[in-house]
Amino acid sequence: MDAAKRQRYEKIAEELTQLSGGKDNIQGIAHCATRLRIVLKDNDLADLKAMEDVDLAKGVFVAGDQVQIIFGAGLVNDVYEVIADYNNMQGMSLGDLKTVANQKMNPLQRIIKALSDVFVDIMPGILAAALLTGLSGVLGNLDFVHNNATLYGINTLINISSGAIFGFLPLAVAYSACKRFGGRPILGIVIGCIMLSGSLADAYAAAQGTVEVTTLHILGLPVQLVGFQGGIIVALLMGWVTAKLDKFFEKKVPEVVRLLVSPLLTTLVGALLLFTVIGPVGRGLSSGLTNGLVWMTQNLGVIGYAAFSGLQQLLVITGLHHILGAVEAQLLADTGRNFLNPLMSVAIIAQGGAVLGYLVRHRDNIKTREICIPSFVSVLFGITEPAIFGVNLRYKYPLIGGCIGGALGGIVVSLTDLAALGFGTTVLPGIALADPTNNGYVSYIIAHVVAIASGFILTLILSGVMDKAPQSAGEKPATPAVPPLTPAEVPQPEEFFGYAQGTILPLEEVKDETFASKVLGDGVAVQPSAGQVFAPVDAVVTNLADTKHAIGLQSRGGNEILIHIGIDTVQLGGKFFKAHVKDGDTVQKGQLLIEFDLEQIKKAGYGTTIPMIFTDPSDDLVLERETSGSMTAQTKIAEMKKA
């Protein structure tokens, strides 16, 4: 690192330290391929807004109790080296930082994060069931489906498939919860099987009085042999209890008989607790939760709906929104309809309308456009963190406008009796979950149009009163993260080809806010079918991550690209990755760059999507992308050419 760069980075380090509340407020510093990550003792002492104006910073947000400052591939390594040295925190890994962040969480935050982790693991199955339920509902209302034996048969199988997934959801929750809390997942499955055993009376039939229930007496306690169909809360509690029992008996049982006795005791004690304590308590909690929500709809009506949708996005700021997945699952299990999903959806799209309102207000400012446009795109897929933390909360009045817009959308949801048949997705993809009863799809669209329009208009109105920010003429343009490169004398356009075998995806579908919101730049992504990454173009390796999960390249045309293998795979510390190149190597199109163990990364619980980002294209170049189909070495996936 030359003296000029070192001096520049030292100034960044000093400024970031000061804006973080000083050295005494910093608990840990680490970095991944693109982001500097800092854990603070007190986030309130940090000036996150001012951090966004720090030299070379592309964006700032808080995630997982870490302040994350986006610098980009390569650059973040140099900045980290200087700021870690400045704060005497050299050599801290992301694992160390994660431990510090978890220790900082209060008990409520830990509970919320744990609940979120449980449902993340099983969300693909839940989404599949919800979408199949929606599809079956649509087909079931069509006469030609009933009149055609093949179509009727297919729809019947679809209905069976969706019902089976939801029917065994408690088993999936018990498995995921046991795994999350450190127990052996198979024991969670065993407890889930006990909960749904065919030897027990069906819970729904028992509630209707159509089946005889056997009652046992154990130590003087009456124990009813009723199954736990729909018992999401019970399954969560039993997953936690099973994990604790498993870890306890693994420590206490002598090693010579541990393999046989430990799982036996875990299952036996777990089953006794299920029927005598956890089951009754969990059923009471579930009943109270569902009855409270139903009471709200029946007694508060429009007011209750409007209050929920108007305030729901404030939960995103606190992180409490993660707990709603369990609530939705229980509501579906008990009533068959989920009115919370459309309420959350209109709350989300209203915040998107507020972002558009702020964008119109400051449309001449380059940095505003760079933040607002990607944030709005994320909102369309149900992700509001970039919009909330990047725009609406920062400037306050867009958040107010979005909340009011969400409340107005909630009124439409109430008046049209709109509900969903599943949960897990909202806004554009969420329409597939809408209950088609009483023109549900039309009501879904109307509610969202009202919400986004209200958020947009109210933000514009509030801006005239509350916007004290400097006007665009007085605002300084964003500082470029890296000085622009002069392209070599090569023909334009420059073409980029397949870099991994698999299916091409739009960048917006990547399950990481930084990539999906395009804060690092535009690009494409691939869901890989094999564990190899190849050079998409003739280039020079500019930065190979120490953990081998990401690589930066500079093409002959001067275009810089970042290929990032998986989501948050930096946490693996290089495990399952093998690099075939090093910094400074010249590579040819199609040359093998990195190998990775695709299956092991999946088993470790990490996403495997591979984004390729154009981090610093020349100002006069535009990107044209292929965003669908299969990717091979001959697939042209992107083209950079003059605007």
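Each reported figure results from applying straightforward, stated rules to the coordinates on display, with no laboratory input. Not measured: the values here are computed from a predicted model. Every residue, glycine among them, receives a Cβ derived from its backbone with ideal geometry; neighbour counts consider all protein chains shown.
A protection proxy built from the mean count of other Cβ atoms within 10 Å ranks the segments 547-557, 21-31, most packed first, as 547-557, 21-31.
A crude spin-label estimate for the pair Leu314 and Thr335, with each label 7 Å from Cα along the Cβ direction, gives 2.2 nm. Between Lys11 and Val213, how high is the FRET efficiency from 1/(1 + (r/R0)^6) when r is the Cβ-Cβ distance and R₀ = 51 Å? Nearest 0.05. Approximately 0.10, to the nearest 0.05. Counting 0.36 nm for each residue step from Ala3 to Val442 and taking away their Cα separation leaves a gain of 151.8 nm. Charge tally around Tyr175: other residues with Cβ under 12 Å, Lys/Arg +1 each, Asp/Glu -1 each, net +2. Sorting 337-344, 571-578, 152-159, 415-422 by their mean Cβ neighbour count within 10 Å, with the most densely packed peptide first, gives 337-344, 415-422, 571-578, 152-159. The label point for Val257 and the one for Val277, both projected 7 Å from the Cα toward the Cβ, are 2.4 nm apart. Dividing the convex hull volume of the alpha carbon atoms of the stretch 110-289 by its residue count gives 158 Å³ per residue.
Positive-end ranking of His362, Ser454, Thr426 along the dipole of the stretch 312-474, with charges on Cβ about the Cα centre, is headed by His362.
Rg/Rh for the stretch 494-642 (Cα atoms only, Rh after Kirkwood) is 0.93.
Annotation for the stretch 1-75 versus the stretch 164-230: alpha-carbon center distance of 49 Å. Using the Cα gyration tensor of the stretch 312-474, with a ≥ b ≥ c the square roots of its eigenvalues, what is the shape: rounded (a/c below 1.5), prolate (a/b larger than b/c) or oblate (neither)? Judged from the Cα gyration tensor, the stretch 312-474 comes out prolate (a/c at least 1.5, a/b above b/c).
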